Amino acid sequence: MKVSKFGGSSLADGNQLQRVFDIVASDIDRKIIVVSAPGKRFNDDIKVTDLLLKYAEATINDVNTITIIESIKERYHSIAEYFNLPQESLIDLDEQIAHLSQRHYRSFDYLYAAFAAHGEYLNAQLVAKIFTHLGMPSRFVDPKEIGLLVDNNARSATFDSSSYASIATLDLSTNERLIIPGFFGYTKNGDMATFSRGGSDITGSIMARGLDADLYENFTDVSAIYAVNPKIISNPQSIKQMTYDEMRELSYAGFAVFHDEAIIPAIQGGIRINIKNTNDPSAPGTFIVPPTEVQNTTPVTGIANSNRFAALYLHRYLLNKEVGFTLRILEILKRHNISYEHMPSGIDDLTIIFDKTSLSQQQIDNMLADISAEIKPDTLKWLPSYGIIMIVGEGMRNRIGALTEIVTPLKENGISLQMVNQGASEISIMLGIQPDLADNAVKAIYNNIFKV
Ligand code: ASP
């Protein structure tokens with residue numbers, strides 16, 4: 001049995017959904033189908049999830065919601081029309097969209113979460129109707145029915161692993177395909193809470209583990225994961241297979257094809273993942289597998305980079321001698337509800353690297369003010385934009401000379417680094433760099449390592 005997850009671009013319109021139908025129909029093992037909300041049909045298009053977030057905002061601000069409701073309905077109606085689905089079949093979907101603004105929510109966060117989750121919730125209902133209409137018996141399965149529980153973090157929820165027991169009881173013996181909305185679960189109070197953006201991948205992985213699937217197929221719009229961002233290097237090498245840990249490090253540092261948290265249920269269950277292209281389903285795609293299954297390991301599997309970071313640089317003499325110094329800084333971070341990503345340090349210096357997408361300006365200002373007052377550093381600098389490059393490969397474990405291959409091309413191209421971190425992870429080397437230099441650095445490293 002396979003769990004097959006289809007992303008937003010694979011479900012953006014009727015034409016795409018027809019491809020999805022053909023893919024599912026061609027393999028009886030594709031039993032559990034996890035769907036995203038309809039995504040972008042063209043570059044400037046708006047994802048249904050973003051339309052729903054606008055609808056949420058309009059509801060909170062008590063402004064007119066008629067136009068936004070119409071544009072959301074239109075997305076689902078145009079898909080239904082493509083398949084000549086009778087109009088009456090959409091009445092309950094329309095009602096659910098309208099009803100969203102009438103319901104009571106525990107907080108604004110839960111309101112946003114419920115609106116956003118409806119992108120997937122409505123789409124799964126629609127997909128089940130269309131598949132059945134096309135002659136493939138299919139049933140919508142609400143995550144509530146399978147007990148998919150999450151914690152109370154409404155818009156960035158964490159899955160409650162006690163749910164695996166109830167997921168495992170899902171009846172797979174009928175001839176129906178089971179259509180499950182991705183991206184959200186329910187809290188113990190019965191509220192909808194979503195994973196972070198792109199989180200339908202997480203649902204797919206949870207279902208694959210909970211049902212002990214033979215394979216988790218993740219259908220997207222690229223034929224493979226590439227060794228480097230194709231926007232930086234044209235026609236880069238594609239990755240045929242990689243290990244879970246390689247994928248986790250690469251997706252953390254910018255490979256957007258697969259959500260970085262989604263790998264965890266698959267690792268725990270030993271489930272193989274296959275990233276495939278809805279528009280080119282015969283291409284083998286990329287397999288993400290346990291380390292024991294990977295052959296022909298090249299030293300470097302992929303190079304990722306992301307500029308979504310910010311950093312705090314702090315200098316104080318004899319910092320290394322002071323007991324409890326780091327603890328005091330971490331207490332300040334905790335006080336302002338800030339988590340950090342990395343903390344490379346020297347004898348008198350410390351850099352703390354943050355994911356800036358999770359920080360508000362208010363949090364940054366408060367943290368800096370408290371560090372200044374309580375720690376009294378000689379120098380305190382805030383770098384609002386900080387780039388990270390991650391060179392990842394199982395073949396780098398204990399490899400002599402790995403760093404030379406990375407640093408030499410940078411030297412040749414006159415590119416300086418702000419930080420090098422080798423050691424924390426055996427399979428990656430992390431570089432900190434000024435964001436405007438990152439693309440050129442990636443090019444130089446890729447060309448040297450992959451001998452282009
Ligand atoms: N629809 C959600 C988003 O746009 C989740 C997903 O597509 O995976 O983030």
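Cα centroid separation, the stretch 331-390 to the stretch 1-66: 37 Å.
To put it simply, the accessible area of the stretch 260-342 at a 1.4 Å probe is 53 percent carbon and sulfur. Charging the Cβ of each Asp and Glu at -1 and of each Lys and Arg at +1, and nothing else, the dipole of the chain about its Cα centre rounds to 580 debye. Accessible surface of the stretch 383-452, 1.4 Å probe: 49 percent of it comes from carbon and sulfur atoms. Note on the stretch 153-231: dipole from Cβ charges, positive end direction compared against 180, 170, 157; the farthest Cα belongs to 157. Of all beta bridges that DSSP places with both ends in the chain, some 60 percent have antiparallel geometry. Taking Cα atoms, how many degrees apart are the long axis of helix 14-25 and the longest axis of the chain, rounded to 10 and kept between 0 and 90? Approximately 90 degrees, to the nearest 10. Expressed as a whole percent, the accessible surface of the stretch 40-93 that belongs to carbon and sulfur atoms is 50, based on a 1.4 Å probe. About the Cα centre of the stretch 353-452, what is the dipole size in debye to 20, counting +1 per Lys and Arg Cβ and -1 per Asp and Glu Cβ, all else neutral? Once rounded to the nearest 20, the dipole reads 340 debye. Annotation: residue 138 carries an accessible surface of approximately 20 Å², with a 1.4 Å probe and no ligand, DNA or RNA atoms counted. Between the residues 82, 418, 17, the greatest Cα displacement towards the positive end of the dipole of the chain, with unit charges on the Cβ of Lys, Arg, Asp and Glu, is found for 418.
Can you pull the accessible area of residue 11 for me, 1.4 Å probe, Å² to the nearest 10? It works out to around 0 Å². On a per residue basis, the chain carries 44 Å² of accessible surface, using protein heavy atoms and a 1.4 Å probe. Restricting attention to the stretch 179-302, close to 50% of DSSP beta bridges with both partner residues there are antiparallel. Net charge near residue 7, counting Lys/Arg +1 and Asp/Glu -1 over other residues with Cβ under 13 Å of its Cβ? Residues near residue 7 contribute +2 overall. Beyond 23 Å in Cα-Cα separation lie the following of the pairs 31/129; 40/231; 2/188; 31/276; 5/129; 73/231: 2/188; 73/231.
Report, in degrees rounded to the nearest 10, the 0 to 90 angle that the Cα long axis of helix 325-335 makes with the longest principal axis of the chain. Taking the Cα atoms of the chain, the angle to 325-335 is about 30 degrees. Considering the dipole of the chain built from charges on the beta carbon (Lys and Arg +1, Asp and Glu -1) around the Cα centre, which of 42, 114, 230 is farthest to its positive end? In the chain, that residue is 230. Relative to the Cα centre, the charge distribution of the stretch 63-217, modelled as +1 at Lys and Arg Cβ and -1 at Asp and Glu Cβ, gives a dipole magnitude of about 280 debye.
Across the chain, Cα pairs under 8 Å and at least six residues apart give a relative contact order of 13 percent. Reachable aspartates and glutamates from residue 376, Cα under 16 Å, same-chain residues fewer than 8 places away excluded? Cross-link targets: 322, 331, 348, 349, 365.
The values are calculated or read from the model by the stated rules, or taken from the named source; none is laboratory data. No experiment lies behind these values; they were computed from the predicted model shown. Glycine gets a Cβ as well: all are built from the backbone with ideal geometry, and neighbour counts include every protein chain shown. The area values use the complete protein model at the heavy-atom level, side chains included, leaving out ligands, DNA and RNA. Shrake-Rupley method; radii C 1.70, N 1.55, O 1.52, S 1.80 Å.
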